[in-house]
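Just so it is clear, none of the values below were taken in a lab; they were calculated from the coordinates. Computed from a prediction, not measured in an experiment: that's the story for all the values here. Every residue, glycine among them, receives a Cβ derived from its backbone with ideal geometry; neighbour counts consider all protein chains shown.
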Amino acid sequence: MPAVTTVLVAIGIIGGASCGRSIYPKVSTNSATPTATITTSPTAGNFLYSSNNGDGKVAEFKRNTTTGVITLTGSVAAGSAGGPIGIANGPNSKYVYVANSFDNTVRQYSVAATTGVLTSIGTIATGKQPQSIAVNPNGAYAFVTNQADGTISQYAISSTAGTLSSNGGAFSSLLLTSPQGAVATNAYLFVADRLQGSVASFPIGSTGALSPGTATPIGNGAGASFPGVIVIDPNTYPSAGVGYLYAADSVTGFVYAVSYSLTTGQPAYLNAYPSATSVGLGGMAIVQLSGGGEYLYVANQKLTPPSITAFSVTAGFLTFAAVYPDPSLNLPTGMAIGPNKTNLYVANQGNGTISQFAINPTTGALTFVKAVLTESVTSAPLYLTLTD
């Protein structure tokens, strides 16, 4: 999930090929990276955290719930540099989980209620080169995509301690070769597979175990489409029996719309939309505004200057709204939206900062507010999550 011009970690995406430990750790400006998709949401969003691949830490921020402004309060170790990638919050937004691709683990933390300080509550093994963490909305189960061995690690989450425990071991499927971004409902896990050029759906059983699923090729399919980022539309359409997903191409810069059946989980490819121009994309975030409109925001890593594209969303269809270049953006990757739906936060790999934008509640337009430094300009923050 990353990118930096001056410092490279053994891996990158060049011309659609990948090598090494992950497509996420720092890449050059000729590369782009997918994002972990968080499926649970805090009610207040008092704290914000970033997975910092460059220094192997998680940065801790206090968030003003009125203005949305964040203040760095500290950091906690999350393994060695080059490890931290995907990040997610757990039950009741009181826990944080971080995938570490360097040592094939998930780092687990509890959140101090008043300060937001993270305290380690242990580690648990994953498959090879874990990327994204998806927690289902009821906070009972977590799933981790493992790029190198093409598996999904399955976990049950303790409702009292927040700790993960293995829930059936590694799940494998012919539909998985290089699983990247993932998002879960309480019934299905959806996974973007970079090398197969597809989005797959797997049923989640009553015990949290995955079952064999189905997939749909997206864009031009394997060898021509490289999905990494995936987000789920917060709206579903029961009368039509469908919901919608959006996947971003980490090489070509297209956003792909996918529908899925609410009863079977079957995904179906709908359309492709260019984000400003055909360049590699970073993270995405989607929001239903208080004013009624729905918008999808996409980070354009390879544009000069970097920018964010906004699309209005209508039942699976995207309409280009605007492009927002900003000097604070520097290899933007992960995104998070505050629970009041008026702030967008963007992690900048290239300069170690988090950019904050105000979201117009009616039009979805973005206005830059401020940028806040993490531990250093080389910390390479990748992905973001909010907790209470």
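List of remarks:
- Residue match in the range 283-295 (condition: over 25 Å from THR363 (Cβ atoms) and out of contact with any Pro (no Cβ under 8 Å at 6 or more places or on another chain)): no
- Once the range 109-133 is narrowed to residues that are over 18 Å from GLY83 (Cβ atoms) and hydroxyl-bearing (Ser, Thr, Tyr), the residue that is surrounded by the most Cβ atoms within 10 Å (Cβ to Cβ) is SER110.
- Among all positions in the range 80-96, there is at least one residue which is over 17 Å from ALA142 (Cα atoms), more than 17 Å from the chain's Cα centre (by Cα) and either surrounded by 21 or more Cβ atoms within 10 Å (Cβ to Cβ) or hydroxyl-bearing (Ser, Thr, Tyr) (or both).
- Elements of type strands (runs of 3 or more DSSP E) in the range 329-388, at least 1 residues being of a type in the set (Lys, Arg): 366-373
- Here is the figure for the range 51-80: residues that are closer than 22 Å to GLY181 by Cα and touching a Lys or Arg at 6+ places or on another chain (Cβ under 9 Å) total 6.
- Of the strands (runs of 3 or more DSSP E) that lie entirely inside the range 136-200, those containing 2 or more residues that are in contact with an Asp or Glu (Cβ under 9 Å, 6 or more places away or on another chain) span 164-172, 179-184.
- Checking the stated criteria, GLY56 turns out to be surrounded by fewer than 23 Cβ atoms within 10 Å (Cβ to Cβ) and touching a Pro at 6+ places or on another chain (Cβ under 9 Å).
- Taking the range 345-365 as the range and being in contact (Cβ under 8 Å) with a residue 60 or more places away in the chain and buried (at least 20 other Cβ atoms within 10 Å of the Cβ) as the test, the residues that pass are TYR345, VAL346, ALA347, GLN349, GLY350, GLY352, ILE354, GLN356, ILE359, GLY364.
- Which numbered condition LYS128 fails, given (1) within 21 Å of ASN46 (Cα to Cα); (2) assigned to a loop (DSSP other than H, G, I, E, B): (1)
- Going through (1) over 17 Å from the mean Cα position of the chain (by Cα); (2) crowded, with 17+ Cβ neighbours inside 10 Å; (3) of a type in the set (Val, Ile, Thr) one by one, VAL231 falls short only on (1).
- Residues being touching a residue at least 12 places away in the same chain (Cβ under 8 Å) and over 18 Å from the mean Cα position of the chain (by Cα) - total across the range 105-118: 8
- THR333 fulfils the conditions (1) of a type outside the set (D, E, K, R); (2) in contact with a Pro (Cβ under 7 Å, 6 or more places away or on another chain); (3) more than 24 Å from ILE133 (Cβ to Cβ) except for a single criterion, (3).
- Every condition in (1) surrounded by fewer than 22 Cβ atoms within 10 Å (Cβ to Cβ); (2) more than 18 Å from GLN129 (Cβ to Cβ); (3) in contact with a Leu (Cβ under 7 Å, 6 or more places away or on another chain) holds for LEU189 except the one numbered (1).
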